[in-house]
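J.: I am attaching a structure below and will ask some questions about it afterwards.
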Amino acid sequence: MTGQLNPAEAPIIEVLNLSHAFTARGHTVPVFQDISMSIRRGEFLSVLGPSGCGKSTLLQIIAGLLPSMSGRVLFEGQQVTGPPPEMVYLFQQYNKSLLPWRSVLGNVSFAMEGKTWTRSQRAERGMEYLRIVGLDDFADHYPWQLSGGMQQRVAIARALAAEPKVLLMDEPFSAVDALTRLELQTLVLKIWAQSGLTVVLVTHDVDEAVFMADRVAMLSRRPAVMDRIVETGLPRPRDAVVTRETPRFLELRHQLLDTLLHRDPVGADA
Amino acid sequence: MRKLGRAWPSLVTCLVIVAIWQVASDREVVNPALLPPPSRVFPLLWEMIASGAVLAPLAHTLGYLAAGYALGCAVGISLGVLMGVNHHVFNIFEPLVELIRPIPKPALIPPLFLFLGIGTTTKLTVIALATFFPVLLNTIQGVRGVEPVAVNTARTLGHSTIATIVKVVLPGALPLILVGMRVALGLALILVILAEMLVDAKGLGYQIIDLQRSFGITEMFAWIMILAVIGVLLNAAFEWFERLAVPWRAK
Ligand SMILES: Nc1ncnc2c1ncn2[C@@H]1O[C@H](COP(=O)(O)OP(=O)(O)OP(=O)(O)O)[C@@H](O)[C@H]1O
Ligand SMILES: [Mg+2]
């Protein structure tokens, strides 16, 4: 799949010189500075960086959920000023993003309301998406009756039901147990491979970033700048066990972890 | 069965109180002309119920209560949502709200007489006003407490502002809105009775004040008992409604 991507094709998203700062008690604290990157159509991109470096902020600006302070985001050539319908942001806090007064199916249908679907079409398609994440038997349950991993799967099904071109995932697996996390990673990779989606995954887990992605964009410590973007070059389909034992995986993991842990501030040892 | 099991201590308390009341009246600890014993109040109460004499005043009072309460809730929730969502609207209305809110609502009855006349308009207005404030304040708080992640999820899924308010903000604020509505219900009941004592010639409040003036003391107490039962029933109905409306709150 990766091989078929043509990097020369116009990028689906362009991040141009984004800088952001927060003001707290009169102090302006820079979060990241002058971040630029191009996201290729159909690629799986991981954004890696230490905690607090502004990964969520960056992703929310890309999603049009937060206005940019300086710099621009282009989605298919158009400047992003509000949430574009074809980009969906998947929150880390699935327990807060699901609506507790709606059933699992009702939550998935939520992504299709306000569009042209009829009620029965929504229900039918909702069931299809629940089948994809393996939760069709739980359509009538309520979110609070499900485990954390199941709730995140509902949120994924809901995001897919919006039929986006781009899925922006903010640490989607950080609140579930280790085993569920591996299962969800494989599930998301499977969905991505079958759908042609462009996925941007934010994480501070080096292992996850490398395992999932075509490319890993690495941010430095706060105030963050773009450290580098590396191609993983790992073959697909990836296997939760085998891929992690390949020399290339270990090499990337070593490099990136080493940078995250030891090189500080970035650029000092260039 | 279990419900009955939990209810019986309260039942015993009631019986004990009635017994003390009876003894106090029999032994003339209190003047039985001023506090007639239950042995006289209850048969009269039964007679009023059996003959249907309670119906007209009861319907009158509950009708106004429902109308004023519904009006106060509707305005309170609507303005509360607007004030909670938009800080400009909040800044515009907040001084007005803070000015009127601390005034005990019965104090507004006399000035309302001047503007609206001594009649049902005043009565409705004062019930609606008493309902309005707790509903408004709780709605604002409820709207502000709505999970931002849920609101942003609606936005990223392409919902308009209106759709987001209807589908996420309102249901999210509902638990607190209901808290306000419950407080408001108690206040509305107080105000409807008070207003009837002052401005009406019908209804439970009028019956009670009229019987007191004409020394129909036994019958007055019968009406007060009816009022007590109404209060309990309204509260129970509200609790039932609350469980129905926000089932996810149980978790
Ligand atoms: N609304 C806000 N007001 C002030 N400061 C904020 C706000 N939101 C985030 N910040 C600060 O901006 C910085 C970046 O936050 P952000 O959540 O984007 O980081 P992150 O890289 O996603 O961190 P994590 O890995 O912990 O999720 C943090 O240091 C945070 O304290
Ligand atoms: Mg974050």
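The values are calculated or read from the model by the stated rules, or taken from the named source; none is laboratory data. All of these numbers come straight from a predicted model, not from anything done at the bench. As a convention, Cβ positions derive from the backbone with ideal geometry for all residues, glycine included, and neighbour counts pool all protein chains shown. With ligands, DNA and RNA removed, areas are computed over all heavy atoms of the protein, side chains included. Shrake-Rupley method; radii C 1.70, N 1.55, O 1.52, S 1.80 Å.
J.: Taking A:Q33 and the conditions (1) away from ligand 2 (no atom under 16 Å from the Cβ); (2) closer than 29 Å to A:A193 by Cα; (3) assigned to a strand (DSSP E or B), which numbered condition does it fall short on, given that it satisfies the others?
T.: With (1) away from ligand 2 (no atom under 16 Å from the Cβ); (2) closer than 29 Å to A:A193 by Cα; (3) assigned to a strand (DSSP E or B) applied to A:Q33, the lone miss is (2).
J.: Which one of B:I217, B:I193, B:I177, B:I165 is surrounded by 17 or more Cβ atoms within 10 Å (Cβ to Cβ), touching a residue at least 60 places away in the same chain (Cβ under 8 Å), under 30 Å from A:P85 (Cβ atoms) and not small (G, A, S)?
T.: On inspection, the qualifying residue turns out to be B:I165.
J.: Could I ask something else about it? Out of A:Q152, A:Q145, A:Q185, which single residue is more than 16 Å from ligand 2 (Cβ to nearest atom) and within 17 Å of the chain's Cα centre (by Cα)?
T.: A:Q185
Yes/no matrix, rows are residues, columns are (1) touching a Ser or Thr at 6+ places or on another chain (Cβ under 8 Å); (2) within 16 Å of ligand 1 (Cβ to nearest atom); (3) at pLDDT 95 or above:
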{"site": "A:N107", "(1), (2), (3)": "no, no, yes"}
{"site": "A:T118", "(1), (2), (3)": "no, no, no"}
{"site": "A:S174", "(1), (2), (3)": "yes, yes, no"}
{"site": "A:L182", "(1), (2), (3)": "no, no, no"}
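J.: Provide a single number: the residues in segment A:55-72 that are surrounded by 20 or more Cβ atoms within 10 Å (Cβ to Cβ), within 14 Å of chain B (Cβ to nearest Cβ) and more than 16 Å from ligand 2 (Cβ to nearest atom).
T.: Number of matching residues: 1.
J.: Can you tell me how many residues in segment A:11-54 are within 12 Å of ligand 1 (Cβ to nearest atom), among the hydroxyl-bearing types (S, T, Y) and either open to solvent by less than 10 Å² (accessible area, probe 1.4 Å) or without any contact (Cβ under 8 Å) to a residue 40 or more places away in the chain (or both)?
T.: 2
J.: Does B:E239 satisfy the criteria of being surrounded by 14 or more Cβ atoms within 10 Å (Cβ to Cβ) and of a type in the set (D, E)?
T.: No.
J.: Would you mind telling me which numbered condition in (1) within 14 Å of chain A (Cβ to nearest Cβ); (2) open to solvent by less than 10 Å² (accessible area, probe 1.4 Å) B:L170 fails?
T.: (2)
J.: Step by step: first the residues of segment B:109-138, then only those that are at pLDDT below 90 and of a type in the set (A, V, I, L, M), then the one that is farthest from B:L191 (Cα to Cα). Which residue is that?
T.: My answer is B:L114.
J.: Further question on the same structure: Among what's in segment A:86-118 and is over 15 Å from B:H159 (Cα atoms) and more than 24 Å from the chain's Cα centre (by Cα), pick the residue that is nearest to the other protein chains (Cβ to nearest Cβ).
T.: A:W101
J.: What are the pairs with Cβ atoms under 7 angstrom where one residue, in segment B:93-119, is without any contact (Cβ under 8 Å) to a residue 40 or more places away in the chain and the other, located anywhere, is open to solvent by less than 50 Å² (accessible area, probe 1.4 Å) and of a type outside the set (A, V, I, L, M)? Sequence gap at least six, or different chains.
T.: Final answer for the pair search is B:R101/B:F133; B:L112/B:T122; B:L112/B:T125; B:L116/B:T122; B:L116/B:T125.
J.: Considering segment B:21-41 alone, what residues qualify as being more than 30 Å from the chain's Cα centre (by Cα) and assigned to a helix (DSSP H, G or I)?
T.: B:Q22, B:V23, B:A24, B:S25, B:D26, B:S39
J.: Another one. Residue check, A:M169 against (1) more than 16 Å from ligand 1 (Cβ to nearest atom); (2) under 12 Å from A:V47 (Cα atoms), all met but one. Which one?
T.: The single condition A:M169 does not satisfy is (1).
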